[in-house]
1. Contour minus end-to-end for Leu11 and Tyr47, with contour as 0.36 nm per residue of separation and end-to-end as the Cα-Cα distance?
2. Determine the shape class of the stretch 26-75: with a ≥ b ≥ c the square roots of the Cα gyration tensor eigenvalues, call it rounded for a/c under 1.5, and otherwise prolate if a/b is greater than b/c, oblate otherwise.
3. In nanometres, what is the gap between the two model label sites at Gln81 and Trp105, each 7 Å from Cα along Cα-to-Cβ?
4. In a Gaussian network model over the chain where Cα atoms closer than 10 Å are linked, find which of Val28, Val12, Val92 has the largest mean-square fluctuation.
5. Using a 1.4 angstrom probe, figure out how much accessible area the chain has per residue, in square angstrom, rounded to the nearest whole.
6. Tell me, what % of the accessible area of the chain is carbon and sulfur with a 1.4 angstrom probe?
7. Which value does Rg/Rh take for the chain over its C-alpha atoms, Rh per Kirkwood?
8. With a 10 Å cut-off between alpha carbons and a GNM built on the chain, which of Pro14, Pro41, Pro87 moves the most?
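The values are calculated or read from the model by the stated rules, or taken from the named source; none is laboratory data. The shown structure was predicted, so the numbers you read here are calculated from the model rather than taken from an experiment. Quick reminder, even Gly has a Cβ in these numbers, built from the backbone with ideal geometry, and neighbours come from all protein chains shown. To get the accessible areas, we keep the full protein, side chains included, count just its heavy atoms, and leave off ligands, DNA and RNA. Shrake-Rupley method; radii C 1.70, N 1.55, O 1.52, S 1.80 Å.
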Amino acid sequence: QVQLVESGGGLVQPGGSLRLSCTASGIVFRMYDMNWYRQAPGRLREYVATATSGGSTTYADSAKGRFTISRDNAKNTVYLQMNSLKPEDTAVYYCNANLLGMGYWGQGTQVTVSS
């Protein structure tokens with residue numbers, strides 16, 4: 001049984017930081033590209049960042065320069081370090097594992113940026 005479990009969300013003031021974690025089980029983690037997506041109320045789910053199985057990273061324009069994705073294959077965990085948070089970053093953040101089009105999703109973790 002595949003499980004992706006996100007953690008680290010919460011309430012933070014504008015300009016603050018959070019680090020999200022996603023720990024996977026039931027998959028050969030090192031083989032999967034790991035992605036973060038987010039969905040704000042009333043909006044479609046949108047792409048945030050990728051850490052590929054080969055070690056490269058890509059970001060949505062909204063995340064560039066503020067967010068950093070990383071992975072620890074020994075811990076089956078992918079991270080999203082989010083700095084300089086803005087109210088528009090408020091969303092449920094989802095972890096996704098993808099291998100040749102076969103994907104799995106976590107349950108999401110809420111991030112709220114508000115003063």
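1. 10.8 nm
2. It comes out oblate by the Cα gyration axes.
3. 2.9 nm
4. Val28
5. Accessible area per residue: 52 Å².
6. 49 percent
7. 0.95
8. Pro41
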